[in-house]
Amino acid sequence: MRILLLGASGQVGTELSRALKSVPDAEIIFATTSGLLNDQSCEVADFREPASVAALVTRLEPDVVVNAAAHTAVDRAEDEIEFSQLINAETPAAVARACADLGIPLIHYSTDYVFDGNGTSPYQVDHPTAPLGVYGSSKLAGEEGVRSSGAQHVILRTAWVYGNHGHNFMRTMLRLADKEQLNVVNDQIGGPTPAWLIADVTAELLRKGIGAGGTHHVVATGDTSWAGFADAIFDEAMDLGLIASRPVVNGIPSSEYPTPAKRPAYSVLDTTSLRETYDVSLPNWRDALRKTLEMA
């Protein structure tokens, strides 16, 4: 199976580079914005140029395209509206149309930010969307572009993504572990999800066959607040001997930590459709955190 991996150098892309090797007879074609991956040459997929990325798909004629490229700087997106729309919506739609023309499937990733966060129970895949900001709006437009393309597709929404690569909450907390105290928001609730889990689920779907596809949610089970996540990170890192000391975590309301982009207060996603359609097993977020730190 020839797999074109777009966004191979990103947080999820790095884990996909590993996980997709488990797909039988996998031939992975890596693509990044720069045309470099780990100092080695690869294909160029510059999402600032939708036509060129679509042309790449057409030229390579892979068996499947996995798109892990995105503009995920949530706060910067508020000032980069056109850029966010280009990277998160226009280019994915162009890629999807190229896939439709070739008759090949596309796996694309989206986000909890398509919801307004006013829910009190896990969001099902068909819950009405209502993004609060530019990032969520651009990702929702990307979803709609993929769906309307006519391509066979799987859209995997996820949330609170972290891992051992790139910029994310876990790595930030570990970097600040020598502080005496940290103030962390405690009124936003979600399910911390490691990049390796998203990648492993993607590989499992390809091994089993994506079938009718559609939109599904992939997150670790259970939920916590950012403050609870921070406490867990420090507890597990101390237990594993990764840090010598840890801060006291003070939970604060979001109002005391203003950001340019408004975050959903409740980001828990219902994974029933994914589990029932593909017989996928998902770990509890705390167990997934422990495994992530063990992999560091």
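Structure notes:
- Amide H partners (placed H, <5 Å) of Ile29, local residues excluded: Ile3, Leu4, Leu5
- Against the main long axis of the alpha-carbon atoms of the chain, helix 226-239 sits at an angle near 80°.
- Eligible aspartates and glutamates near Lys139 by straight Cα distance, threshold 12 Å, same-chain separation 8 or greater: Glu90, Asp112
- Between helix 134-148 and the chain: long-axis angle, C-alpha atoms, 0 to 90°, nearest 10: 30
- Excluding same-chain neighbours fewer than eight residues apart, the lysines reachable from Lys208 by a Cα-Cα span under 22 Å are Lys21.
- Computed on region 139-270, the Cα convex hull volume stands at 132 Å³ per residue.
- Its residue count N fixes a reference of 2.2 N^0.38 Å for the chain, and the Cα radius of gyration divided by that reference is 0.98.
- Calculated [θ] (222 nm, deg cm²/dmol) that DSSP helices of n ≥ 4 give over the chain, each run adding -39,500 (n - 2.57): -10500 deg cm²/dmol
- The long axis of helix 50-60 is offset from the longest Cα principal axis of the chain by roughly 60 degrees.
- Between Thr111 and Thr158, the built amide H atoms are under 5 Å apart, and every one of these is 5 or more places off in sequence or on another chain.
- Reachable lysines from Lys179, criterion Cα separation under 20 angstrom, eight or more residues apart if same chain: none
- Candidates Asp112, Asp39, Asp235, ranked by Gaussian network fluctuation over the chain, Cα under 10 Å, top entry: Asp39
A short reminder: the numbers here are calculations on the coordinates, not readings from a lab. Keep in mind the model is a prediction, meaning the values are calculated, not measured.
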